[in-house]
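> Provided herewith is a single structure, encoded as structure tokens, for subsequent inquiry.
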Amino acid sequence: MKILVPVKRVIDPNVKVRLKNDGSGVDLDNVKMSINPFDEIAVEEAVRLKEAGEASEVIAVSCGGHVCQETLRSALALGADRAIQVETDCDLQPLAVAKLLKAVVISESASLVICGKQAIDDDAGQVGQMLAALLGWPQATFASNVAISEGLAKVMREIDDGVETLEMRLPALITTDLRLNEPRYASLPNIMKAKKKPLEVVAAADLGVDISPRLTVLKVTEPATRKAGILVEDVTQLLDKLKNEAKVI
Amino acid sequence: MVDYQAPLRDMRFVLNEVFSVPRLWQTLQLLSDTVDEQTAEAILEEAAKITGNCIAPLNRMSDEEGCRWNDGMVLTPVGFRKAYQTYAEGGWVGVGGDPAYGGLGMPKAISAQVEEMMHASSLSFGLYPMLTAGACLAINTHASEELKQKYLPNMYAGTWAGSMCLTEAHAGSDLGTIRSRAEPQVDGSYEISGTKIFITGGEHDLTENIIHLVLAKLPNAPAGSKGISLFLVPKFLVNADGSLGERNTVSCGSIEDKMGIKASATCVMHFDGATGWLVGEANKGLAAMFTMMNYERLGVGIQGLAAGERSYQNAVAYARERLQGRAPGNLVAKDEIADPIIVHPDVRRMLLTMKALNEGGRAFSSYVAIQLDAAKFSEDPVVSKRAEELVAILTPVAKAFLTDMGLETTIHGQQVLGGHGFIREWGQEQLVRDVRITQIYEGTNGIQALDLVARKVIGSDGAFYQHFAEEIIMFIDSSGSSLSEFTVPLKEAIANLENLTADLLERAKADANEIGAASVEYLHVFGYTAYAYMWALMAKASLGKESQDEFYASKLGTARFYFARLLPRIYSLSASVKAGSETLYLLNAEQF
Ligand SMILES: Cc1cc2nc3c(=O)[nH]c(=O)nc-3n(C[C@H](O)[C@H](O)[C@H](O)COP(=O)(O)OP(=O)(O)OC[C@H]3O[C@@H](n4cnc5c(N)ncnc54)[C@H](O)[C@@H]3O)c2cc1C
């Protein structure tokens, strides 16, 4: 069984995000970039499945410019076997990514895709679901536990009133939640091996899908700054404020 | 205390932009296959992650808790075992080790950065892998094939640790007088007896075995330093199949209660007829130790830098937020009760001094690391010999100057926090306490200065010094006028050092006391001049890019500060050097 893991290059979660002066987006100049944390969890899960003998190969895929290769090397250092960069300079939106990935899934005949539940830059949280739909595969999103045996995937997901367990037949798609696992640190020998693992570049144009943007970003702004708190006089005032100002009760 | 963020940007700048190290790696056949810019980048990123997330958070509490001795066993603080295991499993203990025995063969230029991150996360923690790496180096260079195969793979893997047992109660700087003895046995092994003190990591609970390298004297050995041999003494004997056997008769009598690095076990070690094996030739043990000293001493220098870096990060974060007093002239934070203290000239002086010394130190230690790599990996004997001689003269400077500056910077970092700098919770006082030992062990800074002047400068009749001076002059001559604001004062500084060196060579002929009287200040003049060269190199790599990226603007600003405010220290130090030894001997011992 081949597992395909899409990985995205995003602003490092420890970096304080700054906006461009013209409000057109986030300033990425000289900013530290990393593998999307949920994707790292996805790679870890795939590698564990391989180590447990459930998978034969783990393939990491990233769509974007040449710089994505760094992200792919991170995935390789964590234990992925090989990598594919779908090369494009186009501004990629979730549907476009899903379409590109679909083409790769088919050409690789992967039977399981594990994605991060969302990328921490745009927080769209759509690629996994769209990809499953395009493939016509069952999907289990926000997984907090995954077990695979004999062509069946059993996935637990944390929902508001407890834990839901889904079972689906492969091929299937899973998206990872934060608590699925704790990714390992890449070991030095694996970092060095990553350099020698195969990394294939495929031109997005050769995959025959329309990836032109369909959404327009109008403006990007800072979230409103939090106002200072106040001390309420008594419970009545508290209730009043909760009801009429905060409108939470 | 803010979280430690490894200064990756600056490390990258130093390696790639100032010294173009990846290009150098390509020219060295032995390295070109192991490492390139991308691999180096990936290694540094991962080292930053593991040290920042896994070790740095332990630093504060492990200082409170310290190590505990219990009936010969030593317990390290909570969290150390798990962190050590993660660190070892990642292969980091063997980062610079020999690939023939399971090491990773990385150049020192990379492992120096890894060491900085590790020590900045926790000096105490960093010592365990550091001592192991040092012991491995000695074994790999001098031990028999059999010993190497038996011990190195587990040590590089971090499953076994190492220790260096040199010091005895009456023999510290002067190791020639040690009393530990080694009796040859019929099977080719030795029985080692004696007591060593101050042994870092002599006993602990991080690994299943500890391999001690012990200095001892053979029967009828010549007196003094020419009669000392080096032995490998494992805590647990190792069976022929590699499994652990009997406990050897080596034990930890107690651990020291001390000023800093409290989470590093400093042990009294008893060897009671313990079984050991000779490493290298009989009576050449001190020489064997010295061949690896260059790596170790640079490593200790980097500890000084690491503490300074962590202190700086805390100090800057604090200075931006602490509101106190008003800026002279304009109000900066009109809506606040006061301005952030970063507006005050004196706070800026302290922060900039820290920044200039840290970044100068990072460039300098990387420069020395690159020379170590050239000496080890170059196939051109001329290049390798020159690099070796540069290493010889620069290593005592790196050890002593980086650690002396480490104390200065951590004290500034403490001062920036005012009263909070004195309070434990903020972490700044711990850095002062922790860094203090780096000036003392691995040869006190006084001994380093003697080594520099007596053995390296005078011992080579100025030849080693000339390599360095010539390189700087060549750099000045090949730099255009755009750089003259840096090269002009650099040229004056090198002329000053030249003059001081010639003067010292001359005076030492007449009176041997002149060497010891001049050495510490001379080393400092050397250090500031070397940093001036580093800052000129960094300015060159930044000039013209300052409007694209704040990083370069900040570099240039700091370079200007260094030349204007720190380099001039050489002139007062030089005056002290020139004053000679006379006034040191006006008092007799009773008059003190
Ligand atoms: C925390 C800690 C960890 C240590 N770890 C280790 C370890 O792992 N292994 C190990 O073997 N040792 C270790 N040491 C020992 C350390 O290396 C010695 O303490 C150091 O070398 C100084 O020796 P000493 O303490 O005997 O001081 P001394 O040699 O007595 O020196 C006292 C003072 O006299 C000066 N002095 C001595 N001789 C001269 C001279 N010829 N000219 C001018 N000045 C001189 C010194 O610079 C110093 O200022 C450690 C020590 C400490 C405190």
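The values are calculated or read from the model by the stated rules, or taken from the named source; none is laboratory data. Just so we're clear, the structure is a prediction, and the values are computed from it rather than from any experiment. Cβ sites come from the backbone with ideal geometry, for glycine too, and all protein chains shown count toward neighbours.
> Which one is farthest from residue B:146 (Cα to Cα) among residues in the stretch B:267-287 that are surrounded by fewer than 22 Cβ atoms within 10 Å (Cβ to Cβ) and within 14 Å of the ligand (Cβ to nearest atom)?
Among them, the one singled out is B:268.
> It is to be established whether one or more residues within the stretch A:40-57 are farther than 24 Å from residue A:172 by Cα and buried (at least 19 other Cβ atoms within 10 Å of the Cβ).
no
> Another question about this same structure. Just to confirm my filter: which helices (runs of 4 or more DSSP H) fall fully inside the stretch B:369-483 and include at least 2 residues that are free of Cβ contacts under 8 Å to residues at least 24 places away in the same chain?
Hits in the stretch B:369-483: B:381-416, B:463-478.
Quick grid of which residues meet (1) surrounded by 14 or more Cβ atoms within 10 Å (Cβ to Cβ); (2) under 30 Å from residue B:59 (Cβ atoms); (3) in contact with a helix residue (DSSP H, G or I) (Cβ under 8 Å, 6 or more places away or on another chain):
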site: B:307; (1), (2), (3): yes, yes, yes
site: B:314; (1), (2), (3): yes, yes, yes
site: B:321; (1), (2), (3): no, yes, no
site: B:336; (1), (2), (3): no, no, no
site: B:342; (1), (2), (3): yes, yes, yes
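> Which numbered condition in (1) away from the ligand (no atom under 11 Å from the Cβ); (2) polar (S, T, N, Q); (3) buried (at least 23 other Cβ atoms within 10 Å of the Cβ) is the only one that residue B:163 fails?
Failed condition: (1).
> Same structure again: Does residue A:186 satisfy the condition of being at pLDDT 95 or above and within 14 Å of chain B (Cβ to nearest Cβ)?
yes
> Right, another one. Looking for whichever is among the β-branched types (Val, Ile, Thr) and closer than 25 Å to residue B:4 by Cα here; the options are B:341, B:337, B:370. Which one fits?
Result: B:341 is the single residue among B:341, B:337, B:370 that is among the β-branched types (Val, Ile, Thr) and closer than 25 Å to residue B:4 by Cα.
> Right, residue B:515: within 16 Å of the ligand (Cβ to nearest atom), more than 21 Å from residue B:16 (Cβ to Cβ) and of a type in the set (A, V, I, L, M) or not?
yes
> Which condition number does residue B:234 fail, the rest of (1) in contact (Cβ under 8 Å) with a residue 60 or more places away in the chain; (2) of a type outside the set (Phe, Trp, Tyr); (3) within 16 Å of the ligand (Cβ to nearest atom) being met?
If we test residue B:234 against (1) in contact (Cβ under 8 Å) with a residue 60 or more places away in the chain; (2) of a type outside the set (Phe, Trp, Tyr); (3) within 16 Å of the ligand (Cβ to nearest atom), just (3) comes out false.
> Give the residue, chosen from A:178, A:152, that is surrounded by fewer than 17 Cβ atoms within 10 Å (Cβ to Cβ), more than 14 Å from chain B (Cβ to nearest Cβ), hydrophobic (A, V, I, L, M, F, W, C) and closer than 30 Å to residue B:83 by Cβ.
A:178
> With (1) away from the ligand (no atom under 13 Å from the Cβ); (2) in contact with a strand residue (DSSP E or B) (Cβ under 7 Å, 6 or more places away or on another chain); (3) free of Cβ contacts under 8 Å to residues at least 60 places away in the same chain; (4) not aliphatic (A, V, I, L, M) as the list, and residue B:256 as the residue in question, which single condition is left unmet?
Tallying (1) away from the ligand (no atom under 13 Å from the Cβ); (2) in contact with a strand residue (DSSP E or B) (Cβ under 7 Å, 6 or more places away or on another chain); (3) free of Cβ contacts under 8 Å to residues at least 60 places away in the same chain; (4) not aliphatic (A, V, I, L, M), residue B:256 fails exactly one: (1).
> Would you point out the residue of the stretch B:436-479, among those that are closer than 13 Å to residue B:520 by Cα and in contact with a Lys or Arg (Cβ under 8 Å, 6 or more places away or on another chain), that is nearest to the ligand (Cβ to nearest atom)?
Result: B:445.
> Same structure, new question: Which residues, taken from the stretch B:288-314, are more than 16 Å from the ligand (Cβ to nearest atom) and either within 14 Å of another protein chain (Cβ to nearest Cβ) or small (Gly, Ala, Ser) (or both)?
B:306, B:308, B:311, B:313, listed by residue number.
> In this structure, does residue B:488 turn out to be among the β-branched types (Val, Ile, Thr), at pLDDT 95 or above and either outside any helix (DSSP H, G or I) or within 16 Å of the ligand (Cβ to nearest atom) (or both)?
Here the answer is no, as residue B:488 does not meet what is asked.
> Name the residue that is farthest from the ligand (Cβ to nearest atom), counting only residues in the stretch B:406-435 that are under 26 Å from residue B:199 (Cα atoms) and among the acidic types (Asp, Glu).
B:429
> With respect to residue B:169, determine if the residue is within 16 Å of the ligand (Cβ to nearest atom) and not hydroxyl-bearing (Ser, Thr, Tyr).
In short, yes.
> Tell me which helices (runs of 4 or more DSSP H) are completely within the stretch A:24-139 and hold 2 or more residues being hydroxyl-bearing (Ser, Thr, Tyr), within 14 Å of chain B (Cβ to nearest Cβ) and farther than 30 Å from residue A:152 by Cβ, or say none if there are none.
In the stretch A:24-139, A:68-78 are the helices (runs of 4 or more DSSP H) which contain 2 or more residues that are hydroxyl-bearing (Ser, Thr, Tyr), within 14 Å of chain B (Cβ to nearest Cβ) and farther than 30 Å from residue A:152 by Cβ.
> More than 12 Å from the chain's Cα centre (by Cα), assigned to a helix (DSSP H, G or I) and of a type in the set (S, T, N, Q): does that describe residue A:144?
no
> Now for a separate question. Does the stretch B:172-186 contain at least one residue that is surrounded by fewer than 22 Cβ atoms within 10 Å (Cβ to Cβ), modelled with pLDDT of 95 or more, of a type in the set (Asp, Glu) and within 16 Å of the ligand (Cβ to nearest atom)?
So far as the stretch B:172-186 goes, no, none of its residues is surrounded by fewer than 22 Cβ atoms within 10 Å (Cβ to Cβ), modelled with pLDDT of 95 or more, of a type in the set (Asp, Glu) and within 16 Å of the ligand (Cβ to nearest atom).
> Residue B:202: touching a Cys at 6+ places or on another chain (Cβ under 7 Å), within 16 Å of the ligand (Cβ to nearest atom) and either among the acidic types (Asp, Glu) or away from chain A (no Cβ under 14 Å) (or both), yes or no?
When the stated conditions are applied, residue B:202 passes them.
> Residues that are within 13 Å of chain A (Cβ to nearest Cβ) and out of contact with any Gly (no Cβ under 9 Å at 6 or more places or on another chain): which helices (runs of 4 or more DSSP H) entirely in the stretch B:1-104 hold 3 or more of them?
In the stretch B:1-104, B:8-12, B:37-50, B:80-89 are the helices (runs of 4 or more DSSP H) which contain 3 or more residues that are within 13 Å of chain A (Cβ to nearest Cβ) and out of contact with any Gly (no Cβ under 9 Å at 6 or more places or on another chain).
> Test residue B:360 against the stated conditions and say whether it is touching a Phe, Trp or Tyr at 6+ places or on another chain (Cβ under 7 Å) and buried (at least 23 other Cβ atoms within 10 Å of the Cβ).
For residue B:360, the condition - touching a Phe, Trp or Tyr at 6+ places or on another chain (Cβ under 7 Å) and buried (at least 23 other Cβ atoms within 10 Å of the Cβ) - is met.
> (1) within 30 Å of residue B:70 (Cβ to Cβ); (2) modelled with pLDDT under 95: which one isn't true of residue B:330, the others all being true?
The one condition residue B:330 does not meet is (1).
> Only one residue in A:199, A:166, A:170 is within 14 Å of chain B (Cβ to nearest Cβ) and within 25 Å of the chain's Cα centre (by Cα), so which one is that?
Among A:199, A:166, A:170, only A:199 is within 14 Å of chain B (Cβ to nearest Cβ) and within 25 Å of the chain's Cα centre (by Cα).
> If the Cβ limit is 7 Å and pairs must be 6+ apart or interchain, which residue in the stretch B:165-179 that is closer than 15 Å to residue B:293 by Cα and more than 14 Å from chain A (Cβ to nearest Cβ) pairs with which residue that is more than 8 Å from the ligand (Cβ to nearest atom) and polar (S, T, N, Q)?
B:175/B:225
> Still on this structure, I have one more. Can you confirm whether residue B:144 is within 16 Å of the ligand (Cβ to nearest atom) and not hydrophobic (A, V, I, L, M, F, W, C)?
Judged against the criteria, residue B:144 is not a match.
> Would a scan of the stretch B:547-564 turn up a residue that is farther than 24 Å from residue B:398 by Cα, in contact with a Lys or Arg (Cβ under 7 Å, 6 or more places away or on another chain) and assigned to a helix (DSSP H, G or I)?
For the stretch B:547-564, residues farther than 24 Å from residue B:398 by Cα, in contact with a Lys or Arg (Cβ under 7 Å, 6 or more places away or on another chain) and assigned to a helix (DSSP H, G or I): present.
> Among the numbered criteria (1) within 17 Å of residue B:297 (Cα to Cα); (2) more than 14 Å from chain A (Cβ to nearest Cβ); (3) surrounded by 23 or more Cβ atoms within 10 Å (Cβ to Cβ); (4) within 16 Å of the ligand (Cβ to nearest atom), which one does residue B:196 miss?
Of the numbered conditions (1) within 17 Å of residue B:297 (Cα to Cα); (2) more than 14 Å from chain A (Cβ to nearest Cβ); (3) surrounded by 23 or more Cβ atoms within 10 Å (Cβ to Cβ); (4) within 16 Å of the ligand (Cβ to nearest atom), the odd one out for residue B:196 is (1).
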